[in-house]
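Okay, so here's the structure we're looking at.
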Amino acid sequence: MIHTVGVVGAGQMGAGIAQVAAMNGFSVLLNDVEDAFLERGMKRVEKSLSSLVKKERITEEQKKITLERIRTTLDIQEFSQVDFVVEAVIENESLKTDLFGQLDAICGSHVILATNTSSIPITRIASATQRSDQVIGMHFMNPVPLMKLVEIIRGFTTSDETFDTTRELALQLQKTPVTANDFPGFISNRILMPMINEAVFALYEGVGTAEAIDDVMKLGMNHPMGPLALADLIGLDTCLSIMEVLHAGFGDPKYRPCPLLKKYVEAGLLGRKTGKGFYSY
Ligand SMILES: NC(=O)c1ccc[n+]([C@@H]2O[C@H](COP(=O)([O-])OP(=O)(O)OC[C@H]3O[C@@H](n4cnc5c(N)ncnc54)[C@H](O)[C@@H]3O)[C@@H](O)[C@H]2O)c1
């Protein structure tokens, strides 16, 4: 029985996952490495809940109850109290494997450790633990409170029980689970990220301005958002990490990250989260 969900990383995804879990009745323990990051995460939840109140999707009382269900902590040892973990730290393999080793030592033996990674092999993250059958990918979409999809990715040794419990949790969070196997980028980023990378190449080569590229995809292909605006929303550092995983994982030059994407990341222009990417915010 899952009562408390532990979320590691209070960034845009972690805050969203914490919010959705709390909105659906779970107690949430939210962890990050600095107070300022926890505060920023809780502000994000506050803002998102306020906008749901404004749209009359929830009441002021529901907002209050949801906020009360989320507790923050800097101490990962407190995860000995949680029943299910969703990890949402930055997209960095050694950071995630270290963290899973730690969580394995801290969490109760029944606890499933899920990762929200966009592209890092679940099997590799699982092998950093002694419970690889209880490790799984639970890939939420951004913004978490609004997007229905959760991609569920089984690692090589993920058990049926772990899969069933995770799928059930996704349904309890009012999401629609879709299953993918553990190949680089899974389904979502195998298809999305090369499109975004190609849009950056089109900008790099001067085929069109950022606005023109996004307008073509919005007006011509009926995408709700252009690929460059979407890259800014996802975070250009995350986009680059995912392209690097696809490139390394498949060894195919068609996945090479665009040099312009690398330049933006080197310059610290990461999109919305830093106020500037392909657009200014
Ligand atoms: N941004 C997206 O659109 C998107 C979509 C789906 C999945 N993801 C995945 O979700 C994960 C998080 O992405 P994000 O966009 O929320 O990133 P983000 O940069 O907004 O947040 C990451 C958070 O992790 C924290 N963190 C770093 N190291 C930590 C540690 N050791 N312990 C605890 N917290 C730590 C950071 O301080 C930061 O607050 C990544 O794996 C990413 O690939 C992102």
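The values are calculated or read from the model by the stated rules, or taken from the named source; none is laboratory data. Since this is a predicted model, take the numbers as computed values, not measurements. In this analysis, Cβ positions are derived from the backbone assuming ideal geometry, glycine residues included, and neighbour counts consider all displayed protein chains. These area figures cover heavy atoms from the full protein model, side chains too; ligands, DNA and RNA do not enter into them. Shrake-Rupley method; radii C 1.70, N 1.55, O 1.52, S 1.80 Å.
Go through segment 249-258 and give me each residue that's in contact (Cβ under 8 Å) with a residue 24 or more places away in the chain and either crowded, with 21+ Cβ neighbours inside 10 Å or in a helix (DSSP H, G or I) (or both). Answer for segment 249-258, where residues must be in contact (Cβ under 8 Å) with a residue 24 or more places away in the chain and either crowded, with 21+ Cβ neighbours inside 10 Å or in a helix (DSSP H, G or I) (or both): Gly249, Phe250, Lys254, Tyr255, Cys258. Listed by position, the helices (runs of 4 or more DSSP H) contained in segment 58-153 that have at least 2 residues being away from the ligand (no atom under 16 Å from the Cβ) are 60-68. Residue count for segment 86-111, restricted to those that are open to solvent by less than 40 Å² (accessible area, probe 1.4 Å) and modelled with pLDDT of 95 or more: 15. Just one of the listed residues (Phe156, Phe183) is more than 16 Å from the chain's Cα centre (by Cα), over 22 Å from His110 (Cα atoms) and part of a loop (DSSP other than H, G, I, E, B), and it is Phe183. Against the test of being within 27 Å of Val144 (Cβ to Cβ), within 12 Å of the ligand (Cβ to nearest atom), modelled with pLDDT of 95 or more and open to solvent by less than 50 Å² (accessible area, probe 1.4 Å), the options Leu246, Leu233, Leu261 yield a single qualifying residue, Leu233. For Arg167, the conditions (1) under 22 Å from Val82 (Cβ atoms); (2) away from the ligand (no atom under 16 Å from the Cβ); (3) touching a helix residue (DSSP H, G or I) at 6+ places or on another chain (Cβ under 8 Å) are fulfilled apart from (3).
Within the option set Ala114, Ala36, being touching a residue at least 24 places away in the same chain (Cβ under 8 Å) and either open to solvent by 30 Å² or more (accessible area, probe 1.4 Å) or in contact with a helix residue (DSSP H, G or I) (Cβ under 8 Å, 6 or more places away or on another chain) (or both) holds for one residue only, Ala114. Note on segment 1-19: among residues that are buried (at least 24 other Cβ atoms within 10 Å of the Cβ) and more than 17 Å from Leu113 (Cβ to Cβ), the one that is nearest to the ligand (Cβ to nearest atom) is Ala10.
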